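J.: Take this structure, written in structure tokens, and hold onto it; I'll ask about it next.
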Amino acid sequence: MKDVRLVQILIISIAVYYLCPSDTLRLPTNLVNFYTNLMEGFLHSIRSRMDRNVFQDPESFMTTPEIISHRGYPVEIHHVVTDDGYILALHRIPSGRRESYPQNGTSHLKRRPVFLQHGMMGSDHFWLVSSTNNSLGKFKFKRYTSFILADLGFDVWLGNSRGNTYSRKHVSLDCDKDREFWNFSWDEMGQFDITSSIDYVLNVTREETLAAYIGYSLGCSLFFISAIERPEMNDKVDVMIGFGPTVSAAHLKNYFRLMAPFVKLYQLYQRMFGIGEVHTNDGVLHSITRLICETSEFGAEFGRYWLSHVFGKSDILNNDEYYRLIAHYPAGGSAYTMEHLLQNYNTGESLSYFDYGAEENQKRYDATLPPEYNLTSVTVPVILVHADNDPFAPPEDVSWLKTKLRNLKGSIRMGNPTFCHGDFIWSPHAAELVYLPVTRFLLSAHD
């Protein structure tokens, strides 16, 4: 009965959340204040229960820098201001765990920088989900890419897209009060966030190029957009490595494809209520979902079921990774970011600019329909890592992408037929199947 009541609470809460969104900025102020106070009171009442009952993995309650430090690695927090005024957080792992870390930082200049970019509605926590050690040959590797690279001598930088948990500031806009803060899609995230972040890293490290840009999911598209909009970016990266590259979404195989036919209604609804932010980590819906998914066996199964419809069905997702992931994901973003994914599904095999509607498109693009990004203008060497069971980057879309990239140096296809999109960040076999081949390539390229 307890589990049944929890499910009922979830269903009711979802309905209330979408009918009366708390992040609207166009409803009357007194109504917004009343709803906000009501939700804050409700969250306060359930947080004590969450703290008593959730799986007590300490990293579920830590930030990315705290997790890095907790695992024995040095960490730095940097902030970069984009050309359009967004303030992004970058988290740096300047050296491996076993190395000395002099305060003057002179050793940083001896290590080549590598930049890692997360996927949609996530944060750089994606790179820290896994935890168990794996013994591979003569070396014992951690399963997480960031620490493997740090231990192998690279200067690791973790990016965060605008609007997520760590990048909610702007030089003049307030993310909680100004709807304009959320007026961004893949276009701005690629053109400004990636470009500014890479330039900042190169300036701090005094390097001319990154040893590698490693993107996961949407992180791949954002780099391609950056390289197309700012051609000079092609000369600032030695190699781009894409894990589960979500570029074309024509053959999307998760539940988002069911939403795509209704994208126009979704847009109308968002604009009517003035909704800019979606899937915030500390919002009502996410908090209630966490309460359910972490306080009963049935709830945990529900959480895994939900994740399988986003990341794909995985044969291996242990409890540690599961609880860490749902504590940090989703990390928030703009409604336009979600709409952009649905639009790309509807337009077929392509990577297109955001569709604002015929009138606004005419102003922005001098055409009623948004143009496609010219992927053939990406000249940086590219390596793709993909899986047949990936619902976000299915084989059909990856095959299309390969035909568009002029400087594709190779691809790694996961031999395991059950390897899914989520396995890139949580599988115990990711080190052996993905990270080790990639790091071997990087080491050989920089010998």
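Derivation of every value follows stated rules applied to the coordinates shown; laboratory data play no part. Not measured: the values here are computed from a predicted model. Methodologically, a virtual Cβ is constructed for each residue, glycine included, from the backbone with ideal geometry; neighbour enumeration extends over all protein chains shown.
J.: If one puts a single equal scatterer on every Cα of the range 146-272 and applies the Debye formula without solvent, what log₁₀ I(q)/I(0) results at q = 0.13, 0.20 Å⁻¹?
T.: -0.68, -1.28
J.: To make sure I understand, if each residue's beta carbon is the centre and we count other beta carbons within 10 Å, what order do LEU152, LEU369, LEU401 fall in, fewest to most?
T.: Ranked by crowding around the Cβ, least crowded first: LEU369, LEU152, LEU401.
J.: For the range 211-270, what is the convex hull (Cα atoms) projected area averaged across all directions, in square nanometres?
T.: Average projection, Cα convex hull of the range 211-270: 5.4 nm².
J.: Assuming R0 = 41 Å, what is the FRET efficiency of ASN346 and GLU76, from their Cβ-Cβ distance, to the nearest 0.05?
T.: Once the sixth-power term is evaluated, E becomes 0.50.
J.: Using the Karplus curve 6.51 cos²θ - 1.76 cosθ + 1.60 with θ = phi - 60°, what ³J(HN,Hα) values do you get for each residue of the range 381-392, in whole Hz, with x for Gly and Pro?
T.: x, 10, 10, 9, 10, 9, 9, 5, 9, 8, x, 8
J.: Over the Cα atoms, compute the radius of gyration (one decimal) and Dmax (the largest Cα-Cα distance, rounded to a whole number) for the range 312-419, in Å.
T.: 17.5, 51
J.: Among all the aspartates and glutamates, which ones have a C-alpha under 19 Å from LYS253's C-alpha, if same-chain residues fewer than 8 places away are not counted?
T.: ASP315, GLU339, GLU349, ASP388, ASP390, GLU396, ASP397, ASP423
J.: In percent, what relative contact order does the range 295-382 have, based on Cα pairs under 8 Å that are 6 or more apart in sequence?
T.: 15 percent
J.: FRET efficiency for PHE262 and ASP178, Cβ-Cβ distance as r, R0 = 30 Å, nearest 0.05?
T.: 0.65
J.: Stretch ASN416-ASP83 to full length: gain in nm at 0.36 nm per residue minus the Cα-Cα span?
T.: Full-extension gain reported as 115.6 nm.
J.: Quick one: net charge around TYR255, please, counting Lys, Arg +1 and Asp, Glu -1 for every other residue with C-beta under 15 Å from its C-beta.
T.: +3
J.: Of GLU349, GLU188, how do they rank once you tally other Cβ atoms within 10 Å and put the fewest first?
T.: Ascending Cβ contact count within 10 Å gives the list GLU349, GLU188.
J.: Could you give the length gained by full extension between ARG304 and ASN319, i.e. 0.36 nm per residue of separation minus their alpha carbon distance, to one decimal place?
T.: So the chain would gain 4.4 nm between ARG304 and ASN319.
J.: Rounded to the nearest 0.05, what FRET efficiency is calculated for ASP57 and GLU432 with R0 set to 25 Å and r the Cβ-Cβ distance?
T.: Efficiency computed from Cβ-Cβ geometry: 0.55.
J.: Taking the beta-carbon count within 10 Å as an exposure proxy, list VAL385, VAL156, VAL75 from fewest neighbours to most.
T.: VAL75, VAL385, VAL156
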